[in-house]
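Okay, structure first, notes after.
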Amino acid sequence: NAGVMQNPRHLVRRRGQEARLRCSPMKGHSHVYWYRQLPEEGLKFMVYLQKENIIDESGMPKERFSAEFPKEGPSILRIQQVVRGDSAAYFCASSQPGGPETQYFGPGTRLLVL
Amino acid sequence: AQTVTQSQPEMSVQEAETVTLSCTYDTSESDYYLFWYKQPPSRQMILVIRQEAYKQQNATENRFSVNFQKAAKSFSLKISDSQLGDAAMYFCAYRNPYTGANSKLTFGKGITLSVRP
């Protein structure tokens, strides 16, 4: 009974490169959320997706960030032309529709921008 | 917009003792969900307990229980018989009752709990 999977667990990029973070939800879950955690901070919502649809992207920076959740395969959070301020832990959570829709989190991807 | 406040940045408890972590929130909704998540040094986010606002009974999960005061918009976590493995950062989170847009979690800044042997 695998939980939410995220890869890579650690990612190092130089300024200007692209970062691609992957998230596979729990089995039976069709909703994916991405959150960002800056050092010594709580998690901040970025985007909420269902298969092939972006439902809420109110927390996504307007530039350089994009997310997708294709019909087949994992959800991907892409950061283009990374800057040092993008260094953070990025968490993916999944839920299934109905009821409290409790979100279960993956282990996170730690992005370090040099 | 909803807000979640955890005003205590750090707390410490003696092993086997009881500790209470505080959380307040602000919302205009009458129905919603509240959560406590634990983040140990591995930084994995682990669900500790969940409370539905329409339920008057406080949620309990083994050594973890909540004191949910809806009128005061307070949602504290009590950890009984504290263990060394309870040492972690604890986040309080709020969620609207909606499906679809606006179903995100809003987190507090967290509290670091240390457990003294």
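The values are calculated or read from the model by the stated rules, or taken from the named source; none is laboratory data. What you see is a predicted model; the values in this text were computed from it and never measured. Heads up, the Cβs are rebuilt from the backbone with ideal geometry, glycines too, and the neighbour counts pull from every protein chain shown. Surface accessibility is based on the protein's heavy atoms, side chains included, excluding ligands, DNA and RNA. Shrake-Rupley method; radii C 1.70, N 1.55, O 1.52, S 1.80 Å.
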Chymotrypsin sites (Phe, Trp or Tyr not before Pro) lying in DSSP loop within region B:50-114, provided at most 11 other Cβ fall within 10 Å: B:Tyr54
Phi to ³J(HN,Hα) by Karplus 6.51 cos²θ - 1.76 cosθ + 1.60 over region B:85-94, Hz, x for Gly, Pro: x, 7, 4, 4, 8, 10, 10, 8, 9, 10
Highest-MSF residue in chain A out of A:Glu68, A:Glu40, A:Glu57 [GNM, Cα springs under 10 Å]: A:Glu40
Region B:1-39: GluC sites (Glu not before Pro) falling in loop per DSSP and having at most 15 other Cβ within 10 Å: B:Glu15, B:Glu17, B:Glu29
Loss of accessible area when B meets A, both sides summed, Å² nearest 100, probe 1.4 Å: 1900
Rel. contact order, % - alpha carbon contacts under 8 angstrom, at least six apart, region B:1-49: 32
Beta bridges by DSSP in region A:1-112, antiparallel share as percent, to the nearest 5: 90
Dimensionless Rg/Rh of chain A - Kirkwood Rh, Rg from C-alpha atoms: 0.95
For chain A: relative contact order, % (alpha-carbon pairs under 8 angstrom, 6 or more apart): 36
The protein assembly as shown - percent of accessible surface contributed by carbon and sulfur, probe 1.4 Å: 47
Links that overshoot a 31 Å alpha carbon limit, given the list A:Lys51/B:Lys78; B:Lys38/B:Lys73; A:Lys62/B:Lys78; A:Lys44/A:Lys71: A:Lys51/B:Lys78; A:Lys62/B:Lys78
Of A:Leu43, A:Ser30, A:Tyr90, farthest towards positive along the dipole that unit charges on Lys, Arg, Asp, Glu beta carbons give chain A: A:Tyr90
Region A:1-63: relative contact order as a whole-number percent, Cα under 8 Å and 6+ apart: 22
Listing of region B:65-113 residues, each with accessible area lower by at least 10 Å² in the full protein assembly than in the chain alone (probe 1.4 Å): B:Met89, B:Phe91, B:Arg95, B:Thr99, B:Gly100, B:Ala101, B:Asn102, B:Ser103, B:Lys104, B:Leu105, B:Phe107, B:Lys109
Charged-residue dipole, Cβ positions (Lys, Arg, Asp, Glu), the protein assembly as shown about Cα centre, Debye nearest 20: 700
Average accessible area per residue (Å²) across region A:1-89 - probe 1.4 Å, nucleic acids and ligands excluded: 56
